[in-house]
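What follows is a single structure, written as structure tokens, with notes after it.
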């Protein structure tokens with residue numbers, strides 16, 4: 001097994017949906033209709049053919065009784081037929097020359113049918129077909145339009161109303177690999193809400209053939225992907241996995257969420273995937289060795305991903321904090337120190353420059369400039385820019401956290417402030433990672449944060465979440481330094497466009 | 001000092017705004033105009049009078065040169081004049097017979113002007129006037145319409161557009177006391193976004209007179225308030241505070257967020273409030289003694305508050321988890337065990353009943369019923385109700401966590417599911433606390449959670465946050481048991497209407 005031929009999954013020239021159905025709530029229908037839709041929108045380049053021996057046509061497209069009857073070459077087969085038929089279908093795929101197959105169907109090793117799964121795998125190997133699944137949700141590739149998530153975007157409620165239920169994220173630069181389909185779809189919903197873009201999502205289910213290690217190997221070269229997220233419950237080929245992850249993690253950060261940390265959690269995971277979750281300490285050690293950044297819930301997973309996809313890492317852990325709310329500054333400082341970042345009391349030339357801003361009346365005379373720099377409720381947008389400029393040039397801090405609570409009267413236009421901060425950071429060509437916070441969910445807060453994100457400054461709704469993300473930038477920077485790859489990484493780094 | 005006369009702040013019959021201004025961006029204008037608006041809407045019962053020696057009328061209302069000239073009795077004076085004039089103004093208030101005064105003005109002990117603050121206090125005491133502030137944001141009382149938050153609801157951007165900037169929460173049953181005004185306004189914005197109702201907000205600034213202890217004492221009897229939140233940076237009268245908190249905490253839960261936990265954080269807090277934050281361990285001990293539940297960020301503060309305001313506490317820590325996503329179940333189990341809750345493997349009659357549901361085909365044959373109860377991606381709304389019914393009757397669990405990821409096809413109508421779960425819990429008259437999770441921010445997720453909340457089931461967007469809230473119900477239940485007040489509390493407990 002390796003990453004050989006994996007590209008057929010993500011960028012196929014032709015797709016057959018075997019088990020495409022005419023009944024609108026069947027997975028085989030949902031998948032075919034979404035692919036057809038993506039094709040019509042011009043998003044999907046591949047030709048799509050439905051295979052169903054009982055149908056003449058599906059959604060106006062001619063249906064084939066077997067994949068072998070399709071008059072075109074078929075590169076990717078998506079299989080949505082009952083488990084017992086899968087061996088026969090895979091054999092036909094082999095005879096047709098199919099290169100890759102996503103087996104959505106369940107009813108294999110996860111319910112004890114190991115022989116059936118082995119039979120399918122043996123046939124696939126004989127014909128050199130790569131398999132994702134079985135028992136999986138498959139792939140979502142927003143860049144190429146491949147989408148096998150059999151959950152429709154909308155749900156029709158009992159009263160007839162349509163509700164957005166499983167929206168798809170916008171194209172982006174974060175890849176998500178998930179052992180659990182349910183976690184994957186929940187995570188996708190979360191990404192849409194947070195406005196985070198996706199490069200590739202793969203739910204690989206029983207991983208009969210393609211597993212985490214293969215996918216990591218593929219993603220090293222995947223141009224759209226800058227950061228790789230993994231949801232894991234168990235890892236089998238541990239040595240291989242660590243080896244590939246170690247190779248990948250100096251090129252692209254890998255962030256993992258590993259469930260089953262406690263005795264109860266492991267029991268739950270075991271009953272869920274029929275795989276031994278294993279001792280949590282073992283995973284901790286493996287992650288460390290592989291250079292994988294570990295997170296502990298879905299919120300932290302994406303908070304950290306957002307920082308790593310947008311910002312350069314840092315080899316120093318000194319954080320400078322600018323705020324217009326004393327309390328927010330205190331909370332950020334607490335969290336930073338608890339997580340092993342330093343909030344140095346500013347001295348030397350940085351302090352002198354800040355004191356000069358004070359005596360020149362550029363920032364309020366009662367500001368605190370020790371760090372956190374508290375501009376107080378009298379803060380204005382101009383004060384933020386002047387102070388930020390000092391910190392961007394300072395050799396006393398490595399990371400900058402801007403807490404810009406929009407409520408203070410002096411921030412007349414919070415959107416404009418976010419834009420100006422973005423401009424300032426670009427002026428310095430992202431010399432230091434800068435993260436931002438505005439608290440709450442009012443229109444002003446949401447728009448200020450959206451503007452920060454658009455400007456390349458990852459933003460968060462509470463200080464603590466921003467600090468956790470900042471810590472990851474430092475952890476990754478230290479890791480690259482230890483591996484002597486920091487300079488290589490930075491040479492290739494550029495801001496998202 | 002005590003809670004004497006505090007009701008004049010929250011339910012005054014007449015209000016004078018001293019320093020009411022005609023310039024629309026001045027705090028004295030914003031406060032007066034909001035009060036006038038609330039009066040017009042019928043929300044505020046009090047008469048409102050502007051005091052400004054340089055104006056004949058403000059917003060069409062006759063202005064008075066001094067509070068003494070007002071032809072009506074004045075109960076509450078809101079003071080928004082420069083610090084140096086405040087002593088004179090307070091004296092006039094005394095002569096007028098004013099009962100309570102909110103001094104918004106800054107420039108007192110927080111910038112070293114201790115004498116000025118003492119002068120004001122002395123005069124106030126001589127006339128028996130209670131003071132909130134100085135250097136504060138004051139009060140927001142959504143039930144009575146008193147609102148001294150001098151930040152307007154809208155901000156006008158540079159391009160002329162109006163943006164909601166400081167919205168006010170709906171009336172509710174959570175009180176918020178904040179030493180920091182900035183934290184308070186950020187928290188209020190957060191509450192609006194999370195749809196959490198407010199009973200009373202007080203930002204008490206320098207607490208020259210009214211302090212935390214007085215406010216707690218007042219809130220014991222405050223009918224609308226069921227849960228009390230506090231944001232603290234320092235406490236002075238520690239013994240008095242603990243004594244009052246200890247009295248309060250067996251009647252209403254108190255949840256605190258104390259900033260300044262670390263060396264850096266304490267330094268930041270000290271520079272912010274000019275008060276010594278003190279050793280964190282001392283606060284920990286004080287909170288324990290006072291029965292205060294401690295939280296560590298704004299998210300946790302409100303997550304816990306939401307559970308405690310809606311649900312009864314529990315004296316047992318065994319949690320039963322129902323899920324349609326294996327991964328979510330594993331993560332909830334992990335978090336529960338890490339926080340000291342038990343996720344017992346179900347046995348005995350509960351297990352038998354669940355096995356019967358399985359063999360009768362009511363839940364899928366491949367469900368896991370050990371706990372978490374994993375209904376799998378084949379879950380339907382009916383399965384949730386049947387399983388929940390078993391757990392509500394079970395003597396093996398004390399708390400129930402329902403993870404109802406809406407994406408699965410069998411949950412045809414997530415809103416209907418939330419309603420049915422609410423109905424079932426009410427059938428059992430909230431015999432056990434039930435919390436719910438749906439992940440993500442799609443329309444379906446948001447509406448499912450809103451419906452849960454409306455039905456009296458607090459809901460959360462990730463399992464971990466729900467588990468933290470569940471743990472607080474247990475912590476509070478244990479505390480009440482230790483104080484021998486559990487039964488008293490439960491006797492008075494009733495669901496929110």
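What follows is calculated from the coordinates using simple rules that are stated; it is not laboratory data. Since this is a predicted model, take the numbers as computed values, not measurements. Methodologically, a virtual Cβ is constructed for each residue, glycine included, from the backbone with ideal geometry; neighbour enumeration extends over all protein chains shown.
Computed quantities for the displayed model
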| quantity | calculated |
| --- | --- |
| Order of A:25, B:297, B:324 - criterion: other Cβ atoms within 10 Å of each residue's Cβ, fewest first | A:25, B:297, B:324 |
| Cα long-axis angle, helix A:181-194 against chain A (0 to 90 degrees, to the nearest 10) | 40 |
| Highest-first arrangement of A:107-114, A:333-340, where packing means the average Cβ count within 10 Å | A:333-340, A:107-114 |
| Per-residue mean of C-beta atoms belonging to partner chains within 10 Å, peptide B:150-163 | 4 |
| Label 7 Å beyond Cα on the Cβ vector: residue A:158 copy-to-copy distances, nm | 5.2 |
| Counting DSSP beta bridges with both ends in chain B, the antiparallel % (nearest 5) | 20 |
| Angstrom value of the Kirkwood radius, inverse mean 1/r, which spans all Cα pairs in the range B:126-245 | 15.1 |
| Chain A shape via C-alpha gyration tensor axes, a/c threshold 1.5 | prolate |
| Relative contact order, percent, chain A [alpha-carbon distance under 8 Å, six or more residues apart] | 10 |
| Relative contact order %, the range A:313-491, counting alpha carbon pairs below 8 Å whose residues are six or more apart | 28 |
| Inter-label distance for residue B:485 and residue B:25, nm, one decimal - labels placed 7 Å from Cα along Cα-to-Cβ | 4.8 |
| The range B:244-386, relative contact order [Cα under 8 Å, separation at least 6], % | 20 |
| Helix axis angle, A:86-96 relative to chain A longest principal axis, alpha carbon, degrees | 90 |
| Modelled FRET efficiency - R0 60 Å, residue A:378 with residue A:126, Cβ distances, 0.05 increments | 0.20 |
| √(5λ) per eigenvalue of the Cα gyration tensor, the range B:313-492, largest first, Å | 24, 19, 15 |
| Spin-label proximity, residue A:243 to the range A:1-20 - amide N less than 20 Å from point 7 Å beyond Cα toward beta carbon | A:1-6 |
| Amide N proximity, the range B:175-206 versus residue B:164 label position 7 Å along Cα-to-Cβ, cut-off under 20 Å | B:184-201 |
| Segment residue A:280-residue A:349, extension gain: residue separation times 0.36 nm, minus the distance between their alpha carbons | 20.2 nm |
| Helix A:280-290 vs. chain A, principal-axis angle (Cα, 0 to 90°, nearest 10) | 80 |
| For the B-to-A rotation axis, chain B residue with nearest beta carbon and its distance in angstrom | B:299, 4 |
| Cα gyration tensor of the protein assembly as shown - equivalent ellipsoid semi-axes, whole Å, descending | 54, 32, 25 |
| Average beta carbon contacts from partner chains per residue of A:435-441, 10 Å cutoff | 5 |
| DSSP-defined antiparallel bridges as percent of all bridges, the protein assembly as shown, nearest 5 | 20 |
| Average beta-carbon neighbours from other chains, 10 Å sphere, peptide A:285-297 | 1 |
